[in-house]
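Engineer: The structure is given below, and queries will be raised subsequently.
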Amino acid sequence: MYDAIVIGAGNGGLVAALTLQKAHKKVLLLESGGTPGGFATSFVRGRFEFDASLQGLNGYSVSDDSEIKKLFERLGIQEKLDFVELSDDCVITLNTHESYLIPHSLSSFLLKMEEYVPGCQESIQVFFDICKEVTVALKYIDENSSDLEELLEKECPRFLEFSTNSLEEVFEKLKIAKKIREILTSFWITYGSPSRDFAFVSFAPLFCSYLQSVAYPVKRSFALSLTLQEEFERCGGEICFFTKVEKILFQDEQISGVQVEDGSIFYTKHVISNISPNMLYATLLPKDKLTKEMNQICNARTLGGRGFAVYLGLNQSPQKLGLTEARYFIYDSLDSNLEAKRMRELYHTGCVVTVYENMVKQSSFVTTVCITSLLFSDDFDKIVTSSNYFALKEKIAKHFVKVLEQATKTSIQDAIEEIEVATPVTFARYGGHPSGVIHGYLAKGYDNLLPRLLNRQREQSIPHLHFCGGFGPRLSGFSASYMSGEEAAILTLQDMAEEGDMYV
C-alpha cells in the first residue's frame with residue numbers, strides 16, 4: 001500500500017513525487033518510458049547531444065532568490081545544479097527586416113527600449129510596475145490568503161482594474177508605443193496567444209520572470225531530471241520505468257489503486273497525474289466515473305501548439321558560422337495577431353532557435369542548434385501518410401533551415417553533420433500528449449491563468465486525484481510544470497490530513 005502514486009515522471013510528476021517523499025510519505029512513481037523528465041531530456045546523435053525541448057528557464061536567477069530557485073532548495077537539489085544566465089535574446093523579422101536585442105534585466109531592458117523608441121522608459125516602467133502588482137496578487141490568490149481583500153487593496157491596488165483585460169487592452173489603456181508593444185509580445189508569440197486574446201494576468205508573471213532572469217542548466221535539462229530522480233530515490237521513493245498505467249481502480253466510490261500493463265496492481269488512495277486530463281479521462285478512468293462536467297471541461301478547452309523541431313549538429317563553431325546569439329526568435333513580422341494566424345499554416349516562419357554553445361558560453365569547434373516551431377491547425381494531418389512521412393519531415397526541416405539562414409544571414413547547409421527531425425507524431429508517441437501538443441492547453445478565455453487558478457476545486461471531479469505538468473492550472477512551461485508538481489503534492493497532503501493522516 002502506497003500513500004500516493006504519481007503517474008508520469010515528467011517535470012511535474014518528478015517534483016510531486018519528491019515533495020511527497022520529503023514529507024515522509026511512501027510514494028511510487030510510474031513511468032511508461034525508460035527515462036525521467038518527459039520532454040526535459042536529451043539525446044545523442046554522433047558527437048552531438050541535443051536538448052529535446054528546454055529553451056531557457058524563466059525566473060531562475062543564479063545569484064538572487066527566485067520562486068523556482070526556492071523550490072529547488074526545498075527539494076534539496078539546488079546545490080547539485082549548475083546554471084548559466086542568458087544575457088539577452090535576439091528577435092528577427094524576415095518581411096520587415098527588423099532585428100532587436102531584448103535584455104533579461106529591467107534596467108538593461110529600459111535602456112535598450114529607450115534606444116529603440118526614445119521617450120518610452122516611463123510608460124514601460126508603469127507597465128512593469130502593474131505587472132508586478134498582478135504577479136503579487138496572483139500569489140496571494142494562489143495561497144488562498146485569508147486577508148486577501150486587504151492585501152490586494154494595500155499592495156496591489158491596480159489588480160482589479162486590469163485583471164479582466166487582454167494584453168492589447170492594457171497596451172491601449174497605458175498608451176504603450178506600437179513598436180514597444182511588438183517587442184514586448186515577441187517572446188510570447190510562440191505560445192500561440194495573440195495580444196488581443198492573451199489575458200494580461202497570464203502575461204504579467206511571465207514578463208516579470210523573463211526580466212528577472214533566464215537561465216539554462218549547463219548539463220542540459222536531462223541532468224536536472226536525473227537530479228530529481230536521484231534525490232527521490234535517495235529519500236526512499238520507488239520508481240518503475242517501462243510501466244504503463246492502464247486503469248485507475250476504485251472501491252466504494254474512492255480511488256483504491258492503479259493497474260499497469262502486465263496486470264499488476266498497486267494500491268493507494270491518492271493519485272497525481274502528470275498525463276493530460278484528456279488522456280486520463282479517455283483511457284484510465286472507468287466509464288461510470290467520467291462525469292458530464294469532466295467531458296465539458298475537456299471539450300471546451302483548446303489544445304495548444306503541436307510541436308515541430310529540427311536538431312542540427314554543425315561541424316563548425318558558432319563564431320565561424322556567424323551565429324552570434326544564444327536564442328533567436330524569428331517571425332515574418334512582429335504583429336502578434338497576424339503571426340498567431342500564420343502559425344496555422346504548415347510552412348510558416350515563426351520559430352525559436354537555440355545555440356547550445358552560446359547559451360552556456362562555451363568555446364567549441366562544433367555547433368549544436370535546435371529549431372522549434374508550433375502548428376495550430378490540422379494541416380499536417382491532412383497531407384501526411386505512411387508513405388510520404390519521411391519525405392515530409394525532410395521538406396519541413398529544409399524549410400526551417402532556410403528560415404534560420406535568411407534571418408541570420410548565414411550559410412549552414414554545408415556544415416550539417418547530424419540532423420534529426422521531430423514532428424507532432426514524434427511528440428505524441430514520446431510524450432503521450434494528444435495530437436503531439438507540447439504546450440498544454442491554449443491560454444485563451446476561461447483557460448487563462450486566473451480562471452484556472454480560481455476553478456481548481458471545480459476541476460477536481462475525482463476525490464484524491466490531482467493533475468500537474470503542462471496541462472495543469474499553471475499552464476505550460478518548465479517553471480510552471482515544476483511548481484504545479486509541488487502544488488499537486490501539497491493538495492494531496494491536505495487530502496491526507498483531512499482523512500486523519502498525519503500531515504508532516
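The values are calculated or read from the model by the stated rules, or taken from the named source; none is laboratory data. Note that this is a predicted model, so its numbers are computed, not measured. Neighbour counts run over all protein chains shown; Cβ positions are idealised from the backbone, glycine included. Heavy atoms of the whole protein, side chains included, go into the accessibility calculation; ligands, DNA and RNA do not. Shrake-Rupley method; radii C 1.70, N 1.55, O 1.52, S 1.80 Å.
Engineer: Express the accessible area of the chain per residue in Å², computed with a 1.4 Å probe while the remaining protein chains stay in the model.
Structural biologist: 42
Engineer: In terms of modelled amide H atoms, which long-range or inter-chain residues lie less than 5 Å from the amide H of residue 302?
Structural biologist: Answer set, sorted by chain and number: 442.
Engineer: Follow-up question, since we're still on this one. Among rounded, prolate and oblate, which fits the stretch 49-198 when a ≥ b ≥ c are the square roots of the eigenvalues of its C-alpha gyration tensor, a/c under 1.5 means rounded, and a/b larger than b/c means prolate?
Structural biologist: Oblate.
Engineer: Let me know the shape class of the stretch 217-349, please: from the alpha-carbon gyration tensor, a ≥ b ≥ c as square roots of the eigenvalues, rounded when a/c is under 1.5, otherwise prolate if a/b is greater than b/c, or oblate.
Structural biologist: The shape class here is oblate.
Engineer: What is the local net charge at residue 381, summed over the other residues whose Cβ is closer than 15 Å to its Cβ (Lys, Arg +1; Asp, Glu -1)?
Structural biologist: Values: positive: 306, 344, 382, 393, 429; negative: 345, 378, 379.
Residues close to residue 381 contribute a combined charge of +2.
Engineer: To continue, here is another question. Leaving out ligands, DNA and RNA, what percent of the accessible area of the chain is carbon and sulfur, probe 1.4 Å?
Structural biologist: 50
Engineer: To check you understand DSSP bridge types, tell me what percent of the beta bridges within the stretch 1-133 (both residues inside) are antiparallel, rounded to 5.
Structural biologist: Percent antiparallel among DSSP bridges in the stretch 1-133 is about 65.
Engineer: Residue 287: which lysines have alpha carbons under 24 Å from its alpha carbon, excluding same-chain residues fewer than 8 sequence positions away?
Structural biologist: 244, 247, 269
Engineer: OK, next. Taking 8 Å as the Cα distance limit and 6 or more residues as the minimum spacing, I'd like the relative contact order of the stretch 134-256 as a percentage.
Structural biologist: Result for the stretch 134-256 is 23 percent.
Engineer: If you don't mind, another one. With the dipole of the chain worked out from charges on the C-beta (+1 for Lys and Arg, -1 for Asp and Glu) around the Cα centre, which of 131, 189, 322 lies farthest toward the positive end?
Structural biologist: 322
Engineer: Do the sum for the chain: with -39,500 (n - 2.57) for every DSSP H run of n ≥ 4, divided by all residues, what is the mean residue ellipticity at 222 nm, to the nearest 500 deg cm²/dmol?
Structural biologist: The helix-only estimate for the chain comes to -12000 deg cm²/dmol at 222 nm.
Engineer: Once the dipole of the chain is set up with Lys and Arg at +1 and Asp and Glu at -1 on Cβ about the Cα centre, which of 90, 59, 415 lies farthest towards its positive end?
Structural biologist: It is 415.
Engineer: Would you mind counting up the charge near residue 394? Only other residues with Cβ under 15 Å from its Cβ, with Lys and Arg at +1 and Asp and Glu at -1.
Structural biologist: My count for the surroundings of residue 394 gives +2.
Engineer: Separate question: Take every Cα pair under 8 Å in the chain that's 6+ residues apart, average their separations, divide by the length, and report that relative contact order as a whole percent.
Structural biologist: For the chain, the relative contact order is 23 percent.
Engineer: Starting from 0.36 nm per residue, how many nanometres of slack lie between residue 409 and residue 461 once their C-alpha separation is accounted for?
Structural biologist: Working it through step by step, the gained length comes to 13.4 nm.
Engineer: Something else about it: Give the cross-link partners of residue 444 among the lysines, using a straight C-alpha distance below 27 Å as the criterion and excluding same-chain residues fewer than 8 apart.
Structural biologist: Within reach: 132, 139, 173, 175, 178, 179, 292, 341, 382.
Engineer: Something else about it: Once you charge only the Cβ atoms, +1 for Lys and Arg and -1 for Asp and Glu, what is the size of the charge dipole of the chain about its Cα centre, to the nearest 20 debye?
Structural biologist: The calculated dipole for the chain is roughly 1180 debye.
Engineer: Can you give the charge dipole size of the stretch 250-409 about its Cα centre, rounded to the nearest 20 debye, using +1 on the beta carbon of Lys and Arg and -1 on the beta carbon of Asp and Glu? Could the numbers behind the result be given before it?
Structural biologist: Details: 18 positive and 17 negative charges, 93 e Å.
For this selection, approximately 440 debye.
Engineer: Follow-up. Measuring from centroid to centroid over Cα atoms, what is the spacing of the stretch 51-125 and the stretch 6-24 in Å?
Structural biologist: So the separation of the two Cα centres works out to 28 Å.
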